[in-house]
1. Filter segment 337-348 down to the residues that are open to solvent by 100 Å² or more (accessible area, probe 1.4 Å) and either aliphatic (A, V, I, L, M) or part of a helix (DSSP H, G or I) (or both), then identify the one that is farthest from R612 (Cα to Cα).
2. Give me the residue from segment 363-382 that is more than 16 Å from M428 (Cβ to Cβ) and part of a helix (DSSP H, G or I) and, out of that set, least open to solvent (accessible area, probe 1.4 Å).
3. So which residues in segment 468-512 are part of a strand (DSSP E or B) and open to solvent by 20 Å² or more (accessible area, probe 1.4 Å), if there are any at all?
4. Considering each of Y387, Y393, Y334 in turn, give the residue that is closer than 30 Å to L534 by Cβ, outside any helix (DSSP H, G or I) and aromatic (F, W, Y).
5. From the list A236, A319, A282, A275, pick out the single residue that is assigned to a helix (DSSP H, G or I), modelled with pLDDT of 90 or more and among the small types (G, A, S).
6. Condition first: of a type in the set (K, R) and surrounded by fewer than 20 Cβ atoms within 10 Å (Cβ to Cβ). Now tell me which residues in segment 513-536 satisfy that.
7. If the Cβ limit is 6 Å and pairs must be 6+ apart or interchain, which residue in segment 495-519 that is aromatic (F, W, Y) pairs with which residue that is surrounded by fewer than 19 Cβ atoms within 10 Å (Cβ to Cβ)?
8. State whether the residues of segment 652-665 include one that is closer than 27 Å to V44 by Cα and within 23 Å of the chain's Cα centre (by Cα).
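The values are calculated or read from the model by the stated rules, or taken from the named source; none is laboratory data. Just so you know, these numbers come straight off a predicted model, no measurement behind them. Backbone-built Cβ (ideal geometry, glycine too); neighbour counts: all protein chains shown. These area figures cover heavy atoms from the full protein model, side chains too; ligands, DNA and RNA do not enter into them. Shrake-Rupley method; radii C 1.70, N 1.55, O 1.52, S 1.80 Å.
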Amino acid sequence: MGRAKIVTRTALILVVVALVLFGGPLVNVYVDLLWFGEVGQQRVWWTILGAQAQLAAIFGLGMALIVYLNVFLARRASPPLTPRLNDFPLRVRVGQLAQRGIAWLLIAGCAVIGALAALWAASYWETYLLFRHAQRFEVADPIFRRDVGFYVFTLPFWRLVYQWLLASLMLSTLAAIGVYVLDRAVEVMQGYMRVAVGVRGHLSALLGLIALTLAWGFYLDRYDLLFNDNGILFGANWTDVNVRRGALVLLMIAALVTAGAFFYNVYYRDLRLPAWTAAFMAVAWFTVGTLYPALQQRFVVQPNELQLERPYLQNHLAATRQAFGLDRMLVRDYPMRGQLSPAALQKEAATLTNVRLWDWRALGQAYQALQSLRGYYDLTEVDVDRYQINGRYRQVMLAARRMDTSRLPDTQWVNRRLTYTHGNGVVMSPVNEVEENGQPIFWLRNLPVQSDVKDLKITRPEIYYSDLGSPPVIALSKAAEFDYPREQAEATSHYEGRGGIPVGGLWRRLLLAIFLGDTNVAISDQIEPRSRLLLRRQIDERLAHVAPFLRFEHDPYLAIAQDGRLYYMLDAYTVTDRYPYSAPYRYFYSRLRTLMDGGLVEDAPGWLNYIRNAVKATVDAYDGTVRLYVADPTDPLIQAYQAIFPGLFHSLAEMPGDLRTHIRYPEDLLNIQARVFRAYHVTNPDTFYKN
């Protein structure tokens, strides 16, 4: 009975400790699953989690087993630990205690190594999934004649496996040496190292495997030559192709010879043979791999650089233009003939009447001053778009009246979490017209929204999801939600959308309270089981969580559908930095660190040398419904993501026609292409070399 109580208490203590250590992350995972269910994309969550679990199991458990197997063999190969005459009693006692407890310490150490390897490997879930669903670019690199898809999808995963295998073998070697030193199978006596005969075979086998792995690394290094930054070009230059490529083959052969010598020494068990082969390997690495290519570059290439590098410059120019879509551009001359006449102006009247005169920054200030109506509304984010206005195609400027909760004067929990949940309405004006007093002409204005245009109506003006950072709120509670101000009394409403996570019963409320760090969520009598928790209400954060493998435009823009609903639209890109010979471009983006931690990395720097505007995304401003439409089905990366996440993407033809009319050429892509085009508008390598 006493033993049962001890076991029970121990189990309870372990449960409490586990909740303290892992309760928060587990709750985050659970809420993440609920959220993906809300947006109808639980399959994305399970696919990513499954890939992470597979990598963690294979790489983590694999490394732990490899290290432990070698530690086990080292303990078996060590001779018995016997005291010596010159040993102090304390040293003998410590050695005996170490012998008894070392097994558990080694198991714990291997478990820690495996856990670290699992966490490291799980972060490469995207590399793994792309490898499994590799596509062809139908473009071959000019040196090895391999499809570009090999470099984008396959090579990164083989690099991952190489790093894992090399790390596993090196850690195993270090661990085995540690065991041998502890067991006195390897020790230094009177200035000489003594290595037991049985130990030499084990260490020789490990070093042979390391050399064999290095040979594979040299083989992979040949392909990485196509990503060298050589100053005048990015990619393999003359020295890479004619010297380093051959040098890597020689190093690969040297590594194989070294591996053979180590494997032979498993039976020969003499330290001199592997020592000489290892020294040969090091000398070859320095001379053939480093010194000789540097001498060739300095004394052969530099005096005749343009002549020798011309074909490689051509490769670089062609690949960069392909990777950034510059080869798709249509170059057309517009020669000026004659003089501008009234007839010519009349012919282009539709264009001239839509020339934008308002600056969006000044207009945002005017909107805020004239139409914010209350201090907690924000109208400073102005978008430019086009609509059919009274039968005419007109360019307009518009802004959503978003709720900025940081400006609320009242800090009560009910107001911030339950009452002030959404913005309301849209302000719109033409781009080139003003009132007599210099103010904008408002086609959409006030609250409730008033329209001076018969073609525009707002049937669902509430804005729960926007491009403004908004904290989580709980809608559909007992508390009435503030809708818009009126002279007599505030207009209120209750949420009717499908967005949000149902609060449910007590246990879910407790978990949501832990997730939000807000105990009121668990104890407030204003919250009902039907209430819904609205999370990730900022457009770019919401989309980045649904599709963390895409890069998104920095600025979502608002569109009014024909049925009067409000949508935010945002362009998304597929990118990679593994396009051979293409110049890298440094950019900034916001992307989730991982699927589970829920944090955005603001303005995180990244590199790309290939980009496609492959996706157009829409988010319903009322219920947060997310739709991703494939805009470039020829892109191999989006083809791979479609294979990985079936059901996530829709064809562009499925986008409602009234929203398709608001598709635009994305600003970020235009800026990137313009900057790249500044240097790569030339196609002649001589002109490019001379800058």
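1. P342
2. Within segment 363-382, the match that is least open to solvent (accessible area, probe 1.4 Å) is A369.
3. Residues satisfying the conditions are Y484, T492, S493, P502.
4. Going through Y387, Y393, Y334 in turn, just one is closer than 30 Å to L534 by Cβ, outside any helix (DSSP H, G or I) and aromatic (F, W, Y): Y387.
5. It is A319.
6. Listed by number, the list holds a single entry, R530.
7. Within 6 Å, the pairs are F515/V27.
8. The answer is no; no qualifying residue exists.
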